[in-house]
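Since the structure comes first, as structure tokens, the remarks are kept for the end.
The values are calculated or read from the model by the stated rules, or taken from the named source; none is laboratory data. Note that the coordinates shown come from a computational prediction; the quantities given were computed from them, not determined experimentally. Virtual Cβ from ideal backbone geometry, glycine too; neighbours counted across all protein chains shown. Each accessible area value is taken on the protein alone, full model and side chains, heavy atoms only, with ligands, DNA and RNA left out. Shrake-Rupley method; radii C 1.70, N 1.55, O 1.52, S 1.80 Å.
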Amino acid sequence: MGKPRIVIADLDYNYIIPLQIKFVETFFDRIELEIITQEAYWSEFLSTPQEVAILILSEELYRPDVQ
């Protein structure tokens, strides 16, 4: 069984960095952690279907097609 994929998408580095550190310290090699901090990459990410166990998403990046 593969590692759960967790995606954190937010434009605020001050929010992302401590959260990323906490996930790495707590779950280290048990998860696949992906961080998205650029709106252009977020749009590209959504252009194809994705399977994500946990998505942490800022309000600025939320769009109806995220579901």
Inset, instruction - Go through region 28-53 residue by residue and tally those that are touching a strand residue (DSSP E or B) at 6+ places or on another chain (Cβ under 9 Å) and open to solvent by less than 80 Å² (accessible area, probe 1.4 Å). - result: 11
Legend entry - Selection from region 4-22 of residues that are of a type in the set (Val, Ile, Thr) and out of contact with any Leu (no Cβ under 9 Å at 6 or more places or on another chain): Ile16, Ile17, Ile21
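Return the total of residues in region 50-67 being modelled with pLDDT of 90 or more and not charged (D, E, K, R). Walk me through how you get there before you give the answer.
As a first pass, look at region 50-67 and keep what is modelled with pLDDT of 90 or more: 51-62.
Among the residues that remain, those that are also not charged (D, E, K, R) are: 52-58, 61-62.
So the count comes out to 9.
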Inset, instruction - Answer with yes or no whether Leu33 is among the aliphatic types (A, V, I, L, M) and free of Cβ contacts under 8 Å to residues at least 40 places away in the same chain. - result: yes
Legend entry - Residues that are over 14 Å from Leu61 (Cβ atoms) and either β-branched (Val, Ile, Thr) or open to solvent by 50 Å² or more (accessible area, probe 1.4 Å) (or both), drawn from region 14-27: Asn14, Ile17, Pro18, Gln20, Ile21, Lys22, Val24, Glu25, Thr26, Phe27
Inset, instruction - Tell me which residues, restricted to region 37-64, are of a type in the set (Val, Ile, Thr) and touching a Leu at 6+ places or on another chain (Cβ under 8 Å). - result: Thr37, Ile56
